[in-house]
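Novice: Just dropping this structure here.
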Amino acid sequence: MKKVFLALFVLLIAWQAQAQDNFVPELSVGLKGGVNYSRFNFDPEIDQEFLQGYTAGVVLRHVAHPRVGIQVEVNYVERGWRALSDTGGSYTRNLNYLELPFLTHVTIGNRNTRFIINFGPYASYLLSGDEGNEQQGVDEEPDFQYRSLDSEFLYGLSMGLGMVQKTSFGSFQLEGRLTHSLNNVFERNLAAISSKSQSISITLSYLRDFKLKKK
């Protein structure tokens, strides 16, 4: 049994070395777009539903090692929340951000179809926003969620799962991604203890792949 494990270990080392020898670094550049569903994790909690928005951006991906690389993006993201009142009214806050994710890119599979994992930090800056009562019956007394934001920045963590299909004219990447901010948009006080952004996005990217010379 020890000989079997030793043989498997030697084969694994040889396979990794061969993969490293045959690997050619890749650089990919492209565009992405999709839909984004967002809410804010408020404490005290308010009754709300996910607000649908859109996202689009530019993708730069560099894979320097087998199965591991980095993916950097510059995205326009529509976020916000839709608060619901007991009387049937609703209040919507739309927030449009410029987002910069810096992600570790992991691939599973060696052929044209690969599964991917993207994870890492992101930072966002508020470009614009608007609000409106969609129905009558929203509370007249202003609460913390109706105030102007205290912070124009968001920063947090992202994690995405998806797949890449390579073709003769480029790669298509389908991804579902979760993001959660680590900071609050309202200052912490007795009225608002927590106000963190949460969102789920589904995007499709088209990328042109370029083979790089091995060092």
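The values are calculated or read from the model by the stated rules, or taken from the named source; none is laboratory data. Owing to the predicted nature of the structure, the values given are computational and were not obtained by experimental measurement. SASA here: full protein model, heavy atoms, side chains in, ligands and nucleic acids out. Shrake-Rupley method; radii C 1.70, N 1.55, O 1.52, S 1.80 Å.
Novice: Counting only residues that are modelled with pLDDT under 95 and open to solvent by 50 Å² or more (accessible area, probe 1.4 Å), which one in segment 53-69 is farthest from Ala192 (Cα to Cα)?
Specialist: His65
Listed here are the residues, each with its yes/no results for (1) open to solvent by 10 Å² or more (accessible area, probe 1.4 Å); (2) not aliphatic (A, V, I, L, M).
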| residue | (1), (2) |
| --- | --- |
| Lys166 | yes, yes |
| Gln173 | no, yes |
| Ser181 | no, yes |
| Phe186 | no, yes |
| Asn189 | yes, yes |
| Ile200 | yes, no |
| Leu207 | no, no |
| Phe210 | yes, yes |
